[in-house]
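The values are calculated or read from the model by the stated rules, or taken from the named source; none is laboratory data. Note that this is a predicted model, so its numbers are computed, not measured. Here the Cβ is made from the backbone with ideal geometry for all residues, glycine too, and neighbour counts use every protein chain on show. Note: accessible area is taken over every heavy atom of the protein model, side chains too, but ligands, DNA and RNA are not part of it. Shrake-Rupley method; radii C 1.70, N 1.55, O 1.52, S 1.80 Å.
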Amino acid sequence: MSKKPTQDIHEYLAEFDDIPGTRVYTAARARRGYHINQFAMSLMKAENRERFKADEKAYLDEWDISDEGKAALLARDYNTLLDLGGNVYFLSKLFSTDGLSFAEAVSTMTEYSFPEYRDMMLKGGRSPEGNRSIRENAAAAAAAGKGGN
Amino acid sequence: MARITAGVASSHVPLLGVAVDQGKTRDDYFGPIFAGYDWTREWEKQEKPDVVILVYNDHASAFDMKIVPTFAIGCGERYKSADEGWGPRPVPDVEGDADLAWHIAQSLILDEFDMTIINEMDVDHGLTVPLSMMFGQPDAWPCKVVPLAVNVVTYPVPSGNRCWALGEAIKRAVESYPEDLNVQIWGTGGMSHQLQGPRAGLLNREWDNKFLDMLEADNDDVRWIPHIEYLRETGSEGIEMVMWLIMRGALGKKVKTLHRHYHIPCSNTAIGHIVLEPVAEEAVPA
Ligand SMILES: [Fe+2]
């Protein structure tokens, strides 16, 4: 815990890429995903939800979203949407449009089915062990390999 | 003179609001969570704060991506419960304290915290769930509320150090307000949780409790925890805990712990709750 008066923005951002299975919502992602998130926000209005449900593709065509983004939205492929700059608090408007609980929608981004995910949470959640750093995990794997055990 | 008499921190998981609104607070799942707030509900009845400065974050309810204020203070007369996609929570309107809020806003800006002023907005679960946890289901909330919204979604979010310093400035601002008011400050959000990506579901009981210990300490070491540590150790949404540092910074150097509660899980999240009281410097033996 060092007392840094100012922090270099490039170092600050570079560290985020070392976290396993995580897309930190940086300015770059916020720019890229702007229209995906604003589309999701539009689903806060009941009349927009109705129009979206009636014809999802047509509703999405009103937005400045790439074909890849539209396909991921139609498929509810949330990990891809995170890669494209979607943010979970905005995407959650789509969860509720679909009648999905937050936890169920979140579980679709993991290796687990919803019942398995719920079970993991009841047992104390996902452990931080082995989930802190891609770099550390690689170093540990390499060390284990050398040991030949 | 107005005084900050206590600091309260609590998670603000939306599912807790659902449990209150649907009368499930004593079932097998929610019972152990709500039991940890029984002490506080009784204590609040005796304390009767006039105003709560409620530090929270908006979850794409009042603010979308058009405008992202880092620190914003509600200076309005009243706020309605936001429709987060299922209709607004059936809770009373939140009454602001425009006089105190404007006083704090002006003082903070002179103190070099460049606040965003909000005159109108709806407030989401980040603000209404803590009110329900502390006050139950009254016909009207028993105190006025000054909402203080922090960006903890779009990076960079404010540093722990900056949050602590904002708390210190809020304390100065409150103490320069002439009216005799009993003011509490609440920090909300957290504790460990990750709502996105393949690592979703991460919880960290050990780190969360270390953080609670640090809040109780007679020093300010906790303000120097870097963002990357919150992210690695407590999940991407655990960063909300920087909001607790605004509360802690407003209490001064030394605090007394009145109550502490921790429970895993509530939906995707670890529940943490602490009640702290400032200990006056002169009361500390040399
Ligand atoms: Fe939150």
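Could you please give the count of residues in region B:133-152 that are within 16 Å of the ligand (Cβ to nearest atom) and surrounded by fewer than 23 Cβ atoms within 10 Å (Cβ to Cβ)? The total comes to 1.
Criterion first (under 18 Å from B:Val13 (Cβ atoms) and more than 16 Å from the ligand (Cβ to nearest atom)) does B:Asn204 satisfy it?
Values: under 18 Å from B:Val13 (Cβ atoms): yes; more than 16 Å from the ligand (Cβ to nearest atom): yes.
Yes.
Remark: A:Leu94 falls outside the filter, which requires a residue to be over 25 Å from B:Asn268 (Cβ atoms), touching a helix residue (DSSP H, G or I) at 6+ places or on another chain (Cβ under 6 Å) and crowded, with 17+ Cβ neighbours inside 10 Å.
Which residues, taken from region B:66-76, are of a type outside the set (S, T, N, Q) and either more than 16 Å from the ligand (Cβ to nearest atom) or open to solvent by 10 Å² or more (accessible area, probe 1.4 Å) (or both)? Can you show your working first?
As a first pass, look at region B:66-76 and keep what is of a type outside the set (S, T, N, Q): B:66-69, B:71-76.
B:Lys66, B:Ile67, B:Val68, B:Pro69, B:Phe71, B:Ile73, B:Gly74, B:Cys75, B:Gly76 - these are the residues of region B:66-76 that are of a type outside the set (S, T, N, Q) and either more than 16 Å from the ligand (Cβ to nearest atom) or open to solvent by 10 Å² or more (accessible area, probe 1.4 Å) (or both).
Taking region A:32-57 as the range and being part of a helix (DSSP H, G or I), open to solvent by less than 30 Å² (accessible area, probe 1.4 Å) and within 24 Å of A:Ser107 (Cβ to Cβ) as the test, the residues that pass are A:Ile36, A:Asn37, A:Phe39, A:Ala40, A:Met41, A:Phe52.
Quick check: anything in region B:146-155 at pLDDT below 95, assigned to a loop (DSSP other than H, G, I, E, B) and within 27 Å of A:Gly33 (Cα to Cα)?
Taking region B:146-155 first, the residues at pLDDT below 95 are none.
Taking every residue of region B:146-155 in turn, none turns out to be at pLDDT below 95, assigned to a loop (DSSP other than H, G, I, E, B) and within 27 Å of A:Gly33 (Cα to Cα).
A:Gly124 satisfies every condition listed in (1) within 8 Å of chain B (Cβ to nearest Cβ); (2) closer than 18 Å to A:Tyr34 by Cα except (2).
Quick one: how many residues across region B:164-193 are within 16 Å of the ligand (Cβ to nearest atom) and either farther than 30 Å from B:Asn204 by Cβ or not in a loop (DSSP other than H, G, I, E, B) (or both)? Show your work before the answer.
Initially, region B:164-193 is screened for residues within 16 Å of the ligand (Cβ to nearest atom), giving B:186-193.
Retained after the next criterion (residues that are either farther than 30 Å from B:Asn204 by Cβ or not in a loop (DSSP other than H, G, I, E, B) (or both)): B:186-188, B:193.
Count: 4.
Only one of the listed residues (B:Ala105, B:Ala82, B:Ala9) is within 13 Å of chain A (Cβ to nearest Cβ) and in contact (Cβ under 8 Å) with a residue 24 or more places away in the chain. That residue is B:Ala82.
Just to be sure, is A:Leu60 aliphatic (A, V, I, L, M), assigned to a helix (DSSP H, G or I) and over 27 Å from B:Pro156 (Cβ atoms)?
Values: aliphatic (A, V, I, L, M): yes; assigned to a helix (DSSP H, G or I): yes; over 27 Å from B:Pro156 (Cβ atoms): yes.
So A:Leu60 passes the test.
Just one of the listed residues (B:Val242, B:Val275) is within 25 Å of A:Leu91 (Cα to Cα), crowded, with 17+ Cβ neighbours inside 10 Å and within 17 Å of the chain's Cα centre (by Cα), and it is B:Val242.
Results for (1) away from the ligand (no atom under 15 Å from the Cβ); (2) in contact with a Ser or Thr (Cβ under 8 Å, 6 or more places away or on another chain), shown as yes or no for each residue.
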{"residue": "B:Ala19", "(1), (2)": "yes, yes"}
{"residue": "B:Arg26", "(1), (2)": "yes, no"}
{"residue": "B:Asp38", "(1), (2)": "yes, no"}
{"residue": "B:Glu47", "(1), (2)": "yes, yes"}
{"residue": "B:Val51", "(1), (2)": "yes, no"}
{"residue": "B:Tyr56", "(1), (2)": "no, yes"}
{"residue": "B:Asp64", "(1), (2)": "yes, no"}
{"residue": "B:Ala82", "(1), (2)": "no, yes"}
